[in-house]
Amino acid sequence: MTIFRLGIKNVIAKPLSTGLSLLLLSLGVGLISLMLHIDRHLREQMSSNIRGIDMVVGAKGSPLQLILSAVFQVDVPTGNIKLAEAENLLRNRLIDYGIPLSYGDSYQGFRIVGTDERYPENYSMRLAEGSLWSQSMEVAIGAAVAERTGLKLGDKFQGSHGLSEGGHVHESEDYVVTGIFEASGSVVDQLILSNLESVWDIHAPHAHEEEEHGHKEGEGHEHEEGGSHEHEGHEHAEAEEHSHEAQEHAVGEESDHGGDDREITALLIKFKNPLGLVQLPRMVNENTNMQAALPNYELNKLFSLMGIATTTLNLVALIVILVSGISVFISLYLSLRERTYEMALLRTFGASRGQLLGMVFQEGLLIAFSGFLLGLVFSRLGLWVVSLLLKAEYHYDFSQTGLVAGEGYLLLVTVLIGFLSALLPAISVYKIDISKSLSDA
Amino acid sequence: MLTTRSLSFEYNQANRFEFPGLSVAVGSDLLVLGESGIGKTTLLHLIAGLQKPKTGKILIGGTDVARLSGKQLDAFRGANVGIVFQRPHFIQSLTLEENLALMRFLGGKEADPHWIKVVLDGLGLIGKQKSSPRQLSQGEQQRASIALAVINQPKLILADEPTAALDDKNCHRVVELLRGQTKKMQSSLVIITHDQRLKADFSRSVTLTKNDSLRASTH
């Protein structure tokens, strides 16, 4: 039996007050640690989703909404832009490439996005099965979509209008699954990708219900190819070229139909050189009917908004930790008043002032440290629950639960509070008058 | 073993005590009698080094306790002096056994579970090692506090009113236990009390009087 073990026994001997202090402390620590982790995960997740995208061009509106809808696929789009106008912009020599995105439909809440093969390429998506679409109405689906909807290669399904569940179902048109992507943790996991034509076809204003599929598809292709080909839209070889040709030919070759009305929702743009960052957003915003938004900039704005919320929560948690510090202090102080005689007894039997001083600090720090560890356990539990929820909802991977740097500071704060709460009781123990305490008891 | 010379102590000008010399040989015992307020407990605290005398010397086995201070004094007290208090007190968060083990640690003695058992056995407390002090009966607590005092085999055992709350029968039993244990440990025993019943049990006794002096008496 040593003083060190006595300190531990003393803490265990009063389970109620120790329990209260531990509960408060671990609650505060757990909350802050959870915030740290969620914040970090969100940042990582969002940053990984904007890779390869320097600028997003879409319809006028809120730039944040544009980024959220076009990059993170969470908000509704700001509207559509003319394909012709987009094509025009892509001729700018500062632009490396632009990936078109076109929205319209969804299936069981998953967005059907018309784009080209550079979009999955940008996220380094690999196909687990099958291949990319080769013609209109063929789709490649993300891993989360496959898991949740149970769609398999070759399955057919009908999209519903709008980006949320419950829209009008396009009964006449069946999408066919030709490929399933491997899970990547990026936003593509949540998407059903098709070519742009699929979106145009299904929403073509002159597409009547009575008309047979082939006809409509044919018309769709006439648009892209400007009538330069016969109705051969079904042929793979040609269909693969659509997206490129669409961009290259659409402008200036729109004579057949009296103006190209085709629209896309947004363009994800990669600059050729950094000068683009300076010139292009301004040029687009001032000289065109479109809007340019910079993901990095908008994301930082979003983070700083989120930062206010996290700071508030962290403050609350910090106050909880402080209160727990006070609870540790009260518990130590009251128990010391009860234990004054014990302290005098220990001194009588040879304990030095220093030893008892150490013991009181040890008791405070022990509670602080256990509270910290318990808090980490709580935060991991919370993180696990959040990850279960998010996995079901977004297929985002939240499994990394290693220590983050912020938790080091948290440990320092916790230990400091344990130390401070023990300071006064320790001083009173140090000053104890053995003779008087023994006589008073 | 214990020798004090011209001890004095003052709380303040009005509350002054003077204690003439005491001397107890190795293995022998001494009864110090005195009424309440005469400074008995003060004397005990001075001898144990819990308070500093204003003047005088306290020699325990050749060491002047009055000259020690701080850690040295704590260590010396832990190793050489055992105290039985008027009311038994323990560390409540520890079992009886752990209490004794802690006192050995504080006294700088090595851990010795066997010795702890021997002491408890000698005091009829075997089987109570794992009990919390609260669970012990009054009599058991009294004996346990003797166990605390003797566990480190101190040179000097001081007892402060050990019999004040006891009836005649138990009074003499406790004294016998104290003397028996003291003999076993080859310690010297000083009992400080107002309890006149004990006078018959001791060959040497001194009585503290109001005139700031000790009147030694032998019978």
Task: Test set (1) more than 9 Å from chain A (Cβ to nearest Cβ); (2) modelled with pLDDT of 90 or more; (3) crowded, with 17+ Cβ neighbours inside 10 Å - B:Q135 fails condition number - done: (3)
TODO: Of all residues in the stretch A:17-53, count the ones that are within 12 Å of A:V320 (Cβ to Cβ) and among the small types (G, A, S).
DONE: 4
TODO: May I ask you to say which residue of A:I38, A:I32, A:I99 is in the same structural domain as A:V278 (by TED's automatic domain parsing), β-branched (V, I, T) and either more than 17 Å from A:G276 (Cβ to Cβ) or touching a residue at least 60 places away in the same chain (Cβ under 8 Å) (or both)?
DONE: A:I99
Task: All positions within the stretch A:9-26 that are aliphatic (A, V, I, L, M), facing chain B (nearest Cβ under 10 Å) and either under 40 Å from the mean Cα position of the chain (by Cα) or surrounded by 16 or more Cβ atoms within 10 Å (Cβ to Cβ) (or both) - done: A:V11
- [ ] Quick one: B:G27 ticks every box in (1) over 19 Å from B:L208 (Cα atoms); (2) surrounded by fewer than 17 Cβ atoms within 10 Å (Cβ to Cβ); (3) within 13 Å of chain A (Cβ to nearest Cβ) except a single one, so which number is it?
- [x] (3)
Open item on the list: I'd like to check something: does the stretch A:313-323 contain any residue that is within 30 Å of A:L31 (Cβ to Cβ), over 31 Å from the mean Cα position of the chain (by Cα) and either assigned by TED's automatic domain parsing to the domain that holds A:L34 or not small (G, A, S) (or both)?
Closed with: yes
Open item on the list: Restricting to the stretch B:53-78, count the residues that are within 16 Å of the chain's Cα centre (by Cα) and buried (at least 18 other Cβ atoms within 10 Å of the Cβ).
Closed with: 7
TODO: Sort out which residues of the stretch B:148-162 are surrounded by fewer than 23 Cβ atoms within 10 Å (Cβ to Cβ) and among the polar types (S, T, N, Q), and write them in order of number.
DONE: B:Q153
- [ ] Give just the number: which of (1) within 12 Å of another protein chain (Cβ to nearest Cβ); (2) crowded, with 18+ Cβ neighbours inside 10 Å does B:R143 not satisfy?
- [x] (1)
TODO: Mind listing whichever residues of the stretch A:316-352 are more than 14 Å from every other protein chain (Cβ to nearest Cβ) and hydroxyl-bearing (S, T, Y)?
DONE: A:S324, A:S327, A:Y333
Open item on the list: Checking B:P53 against (1) within 9 Å of chain A (Cβ to nearest Cβ); (2) part of a loop (DSSP other than H, G, I, E, B); (3) of a type outside the set (K, R), only one condition comes out false. Which one?
Closed with: (1)
- [ ] Output the number of the condition that B:E98 fails; it satisfies all remaining conditions of (1) modelled with pLDDT under 90; (2) touching a Lys or Arg at 6+ places or on another chain (Cβ under 9 Å); (3) surrounded by fewer than 23 Cβ atoms within 10 Å (Cβ to Cβ); (4) within 14 Å of chain A (Cβ to nearest Cβ).
- [x] (1)
Open item on the list: Test of understanding: among B:A149, B:A111, which residue is hydrophobic (A, V, I, L, M, F, W, C), within 10 Å of another protein chain (Cβ to nearest Cβ) and over 18 Å from the mean Cα position of the chain (by Cα)?
Closed with: B:A111
- [ ] Please state which of the following conditions B:G82 fails to meet, knowing it meets all the rest: (1) within 22 Å of B:T4 (Cα to Cα); (2) touching a Lys or Arg at 6+ places or on another chain (Cβ under 8 Å); (3) modelled with pLDDT of 90 or more.
- [x] (2)
Task: Residue list for the stretch A:66-79, restricted to those being assigned to a helix (DSSP H, G or I) and farther than 20 Å from A:H161 by Cβ - done: A:L66, A:I67, A:L68
Open item on the list: Within the stretch A:80-101, does at least one residue satisfy the condition of being β-branched (V, I, T) and outside any strand (DSSP E or B)?
Closed with: no
Open item on the list: Restricting to the stretch A:353-380, name every residue that is of a type in the set (V, I, T), closer than 30 Å to B:L106 by Cα and away from chain B (no Cβ under 14 Å).
Closed with: A:I367
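Results for (1) without any contact (Cβ under 8 Å) to a residue 40 or more places away in the chain; (2) under 15 Å from A:V113 (Cα atoms); (3) not β-branched (V, I, T), shown as yes or no for each residue.
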{"position": "A:L132", "(1), (2), (3)": "no, yes, yes"}
{"position": "A:V139", "(1), (2), (3)": "no, yes, no"}
{"position": "A:G142", "(1), (2), (3)": "no, yes, yes"}
{"position": "A:V145", "(1), (2), (3)": "no, yes, no"}
{"position": "A:D155", "(1), (2), (3)": "yes, no, yes"}
{"position": "A:H161", "(1), (2), (3)": "no, yes, yes"}
{"position": "A:H168", "(1), (2), (3)": "yes, no, yes"}
{"position": "A:E171", "(1), (2), (3)": "yes, no, yes"}
TODO: Go through the stretch A:129-145 and give me each residue that's aliphatic (A, V, I, L, M) and at pLDDT below 90.
DONE: A:L132, A:M137, A:A143, A:A144, A:V145
TODO: Given the conditions (1) surrounded by fewer than 19 Cβ atoms within 10 Å (Cβ to Cβ); (2) acidic (D, E); (3) modelled with pLDDT of 85 or more, report the number of the one that A:E87 does not fulfil.
DONE: (1)
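The values are calculated or read from the model by the stated rules, or taken from the named source; none is laboratory data. Since the structure is predicted, the reported quantities are computational estimates derived from the model, not experimental observations. Every residue, glycine as well, gets a Cβ built from its backbone with ideal geometry; the counts of neighbours run over all protein chains shown.
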